[in-house]
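Notes for the one structure printed next.
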Amino acid sequence: MAWRADIVQRLKQTAMIWLAVYPSVLLVMALAGDRFRQWPLPLRVLASTLLVVPLVVNLSAPLVQFIVAAVADAWRRIGRTRTHHR
């Protein structure tokens, strides 16, 4: 059954990474996409990843981790208060 826990953990990690990456890519494309439009595809990808990767690593991913931890903590506290009031 340990493999199930591993799969669940990987799915959680995948969801958190996606939650960090998607808004970052969207932001970069919205702000700079027109500037890259005439560039060859390899240069567009290079420029966008040069902007997105540091944004995700230093801002988006830590923010998503903080928010997910805060929500999980709140859910745990709500669960404890419900079980104590019965």
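The values are calculated or read from the model by the stated rules, or taken from the named source; none is laboratory data. Worth saying up front: this structure is predicted, and the values here are computed from it rather than measured. Glycine gets a Cβ as well: all are built from the backbone with ideal geometry, and neighbour counts include every protein chain shown. Please note that ligands, DNA and RNA were not included when accessible areas were found on the heavy atoms of the full protein model with its side chains. Shrake-Rupley method; radii C 1.70, N 1.55, O 1.52, S 1.80 Å.
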With every protein chain kept in place and ligands, DNA and RNA left out, what is the accessible area per residue of the chain? Probe 1.4 Å, answer in Å².
85 Å²
Among (i) 64, 30, 17; (ii) 53, 24, 18; (iii) 29, 27, 19, which is the computed Cα extents along the principal axes in Å?
(i)
Carbon and sulfur: what percent of the chain's accessible surface (1.4 Å probe)?
69 percent
Hey, what number do you get for the chain at 222 nm if only DSSP H runs of n ≥ 4 count, each worth -39500 (n - 2.57), divided across all residues, to the nearest 500?
-30500 deg cm²/dmol
Highest-first arrangement of 58-66, 3-11, where packing means the average Cβ count within 10 Å
58-66, 3-11
I'd like the orientation of helix 61-84 relative to the chain: the angle between its Cα long axis and the longest Cα principal axis, in ° from 0 to 90, rounded to 10.
20 degrees
Charges on Cβ only, +1 for Lys and Arg, -1 for Asp and Glu, centred on the Cα centroid of the chain; of VAL56, SER24, TRP3, which one is farthest towards the dipole's positive end?
TRP3
Treating the angle as unsigned and between 0 and 90°, give the value, to the nearest 10°, between the Cα long axis of helix 2-36 and the longest Cα principal axis of the chain.
30 degrees
I want to check the label-to-label distance for ASP34 and VAL71. Put each point 7 Å from Cα in the C-beta direction and report it in nm to one decimal.
3.3 nm
Can you give the angle from 0 to 90° between the axis of helix 41-55 and the longest principal axis of the chain, with both taken from C-alpha atoms, to the nearest 10?
40 degrees
